[in-house]
Amino acid sequence: MVTYQKQNDMSNYQGLTNVVIPETIEYNDVTYTIVGVGPEAFNYCWGLKSISLPETIESIDTLAFGYCTSLRSIEIPNSVKTIGNEAFTGCSALSSASIGEAVESIGDYGFFGCTGLSEITVPQSVTHIGEYAFMGVHWLNEVHAESIIPSDAHATAFSTTAYKNATLYVPAGTLATYQAHPTWSKFLNMEVDNGTMSIDEISRDGEIEVTAHGTTISISGKDDTDVAMVYDLDGRLLLSTTDSVFTVNTGSGVVVVSINGKAYKIALR
């Protein structure tokens, strides 16, 4: 983990402006892999303007980049799964934040007070957005939600100004689901992003592959105990099963198959 060298005098950190974190370091002839940015690692590094994170990072912890008021952009690698509480809170100069496609959780106050952000994309991997995660991001113009099943977002995840003025873009076929969600429905302006996801007879993610033959669905790569839940585009549960091959008695149309928290959008013919 990248950690803060706890000292009484922080002045030696204020000279940091551009930082590149390597994938590995060597110490006493042992090679260590960098897998996270620890609590308060760069907290209050006011002069930090840019940071490059390696693809080995899996977590960004509490206040890791808190109050880095000169930080202009951040690209969170696709290896990161969790963004901790207050990870980027108070980064007022942040104008670009790319959230990796493996992030599952954005913690409380994660991007609180990042007033420079005008656009945010929430990947389909995100299942939880904490309290005040994007509160104080007053000038948001666009929020792109990529998940077919709306993520669990706290009611205070976004500011009142964002709910009123920003446009929420959602995947094709999910408008009614987002409009019925207790948090996402707070966005007064909501539009369909038809380019978010294509609909096909095969949907893949890693080792899991979901295939449709007519109204019969086949799933390869899942464990026998994994539960597959099938929803229509209004979010209604149609079927829940541990079978790898099953029939959905709804006729043709588009359904969402959820396995282990990941969603697969597929067309029945």
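Some observations on this one:
- What the Cα atoms of the chain give is an Rg and a Dmax of 20.7, 68 Å.
- Once backbone amide H atoms are built at 1.01 Å from N, His144 has Ile120, Thr121, Val122, Tyr169 as its partners under 5 Å, excluding neighbours fewer than 5 places away on the same chain.
- Mean separation of Cα pairs under 8 Å and 6 or more residues apart, divided by the residue count, gives the chain a relative contact order of 9 percent.
- Lysine-lysine proximity count for the chain, Cα under 20 Å, sequence distance 8 or more or distinct chains: 4
- Surrounding net charge for Ser50, when Lys and Arg each add one and Asp and Glu each subtract one, Cβ distance under 14 Å: +1
- Measure of compaction for the range 141-191 (Cα Rg per 2.2 N^0.38 Å): 0.99
- Relative contact order (%) - the range 92-143, alpha-carbon pairs under 8 angstrom, separation at least six: 43
- Rg over Rh for the range 44-95 works out to 0.95, using Cα positions for both radii and the Kirkwood form for Rh.
- Over the range 34-164, Cα pairs under 8 Å with separation of 6+ residues give a relative contact order of 17 percent.
- Remark: spin-label model distance Glu55-Glu101 equals 1.2 nm, labels positioned 7 Å along the Cα→Cβ axis.
- Beyond 20 Å, the tail of the calculated P(r) for the range 71-212 holds 44 percent of the Cα pairs.
- Value at 222 nm in deg cm²/dmol, rounded to 500, when DSSP H runs of n ≥ 4 in the chain each add -39,500 (n - 2.57): -1000 deg cm²/dmol
- Additional length obtainable on full extension of the chain from Val30 to Met229, 0.36 nm per residue less Cα span: 67.1 nm
- Enclosed volume per residue, in Å³, of the convex hull spanned by Cα atoms of the range 69-124: 62
- Three-way shape label, the range 101-143, alpha-carbon gyration tensor, a/c 1.5: oblate
- Kirkwood Rh and Cα Rg combined as Rg over Rh, evaluated for the range 1-109: 0.95
- Under Stokes-Einstein, with the Kirkwood radius over Cα pairs as Rh, the value for the range 200-269 at 37 °C and 0.692 mPa s is 281 µm²/s.
Bear in mind that the values in this text are calculations on the coordinates, not laboratory data. Just so it is clear, the structure is predicted and the values come from calculations on it, not from any experiment. Glycine gets a Cβ as well: all are built from the backbone with ideal geometry, and neighbour counts include every protein chain shown.
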